[in-house]
Amino acid sequence: MWRFISGAQAPKRKLTNDEQLEKGREYEKVKRSRGFLQNWSREFPGISYDEQNGVMFCSVCREFATSSDTTAAFVRGTNNFKKETIKKHVDSELHKVSCGKREAATARPGSTRADKALEKLNQTQISRLSVLFRVCHALAKNGRPFTDYVWQCKLAVQNGVDVGKTYRNDKQARDFTAHIAAAQRKNNNHDIEKAKFITLLSDGSTDCSVTEQEALYVRHATAGVITTSFVGIHSVDKADAQHIEQGICNNMALNTNMDEVKNISGLPDFHQGYQISNLGSPAGYCTFLPNFDPCI
């Protein structure tokens, strides 16, 4: 109808989507000249421009990208100088992972998120193990069987104590108790080594199998503090002076840093809980005292 109106011009036909895209590509290729803007480096840290090759790249991704990422546009360099292109790269998984690696590499030890998470996990685990070790220590002090450890853990859970879900069997209780004993033995040895004189205390008994046993203790004074420490229990073939003397030497060699009792500096005092006739008889323990020191 526009042809029937004098001086009127028909409106331009609206371009389709495909025609608009083609027009934009033609404009970018022929008419418009794009380049790298220096403010992009300030706005997006890590984005740099290679003047020699005429490309922009991400220095963070180049340094920390894996071998499989070497073909990425911002690793090898790109001449697609658009701000939208940079934004897409900054939001990409590659860039986020590379920034995390840089943060971990430049951070102080223990300050990264991974270190803090591990520290928190370790603190939780240490707290749980502390409860379990205290249970094992209580069982050992009261002469209870390791099987009690299982229901003790269940009781702790019912009381709201976090003990975790692992290390809750009688075999683990045995291992924990062995470590407690080793730590206590180490402390005892340290105190005994500092002592100038010690006293050995021994007493005999029989267990349920009617096996003769000797319990050995060491009493010493360190810095004015008198301490009595348990050394160990050993079985003897016969409750006479010769076997007791040999058992004490073996016990000290096994549970202390001393090879034999006679290597103790100073004169050892010995108290033994048997009959005086056994102790002082011609076959008693007194006859073996000169073995420790010829002056006796």
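The values are calculated or read from the model by the stated rules, or taken from the named source; none is laboratory data. As the structure is a computational prediction, the values presented were derived from the model and not from experiment. Here the Cβ positions follow ideal geometry from the backbone for every residue, glycine too, while neighbour counts run over all protein chains shown. In case anyone asks, the SASA skips ligands and DNA or RNA and just uses the protein heavy atoms, side chains included. Shrake-Rupley method; radii C 1.70, N 1.55, O 1.52, S 1.80 Å.
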### Summary
Counting only residues that are farther than 22 Å from Q184 by Cβ, among the polar types (S, T, N, Q) and part of a helix (DSSP H, G or I), the range 128-160 contains a total of 1
### Query
Of everything in the range 235-269 that's of a type in the set (D, E) and surrounded by 15 or more Cβ atoms within 10 Å (Cβ to Cβ), which residue is modelled with the highest pLDDT?
E245
### Query
Which of the residues that make up the range 209-234 are open to solvent by 80 Å² or more (accessible area, probe 1.4 Å) and modelled with pLDDT under 80?
V210, A223
#### Entry: Out of V157, V163, sole residue that is surrounded by fewer than 17 Cβ atoms within 10 Å (Cβ to Cβ), farther than 29 Å from K238 by Cα and not polar (S, T, N, Q)
V157
### Message
If F176 satisfies all but one of (1) among the hydrophobic types (A, V, I, L, M, F, W, C); (2) surrounded by 14 or more Cβ atoms within 10 Å (Cβ to Cβ); (3) touching a strand residue (DSSP E or B) at 6+ places or on another chain (Cβ under 8 Å), what's the number of the condition it fails?
### Response
(3)
### Query
Which of the residues belonging to the range 58-84 are outside any loop (DSSP other than H, G, I, E, B) and either open to solvent by less than 30 Å² (accessible area, probe 1.4 Å) or acidic (D, E) (or both)?
C58, V60, C61, E63, D69, F74, V75, T78, E84
### Residues being without any contact (Cβ under 8 Å) to a residue 12 or more places away in the chain and under 16 Å from A183 (Cβ atoms) - total across the range 115-137
3
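So that you can scan it fast, the table gives a plain yes or no per residue for (1) over 30 Å from R168 (Cβ atoms); (2) of a type outside the set (K, R); (3) at pLDDT 80 or above:
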residue	(1), (2), (3)
R108	yes, no, no
A114	no, yes, no
L121	no, yes, no
S127	no, yes, yes
V135	no, yes, yes
F146	no, yes, yes
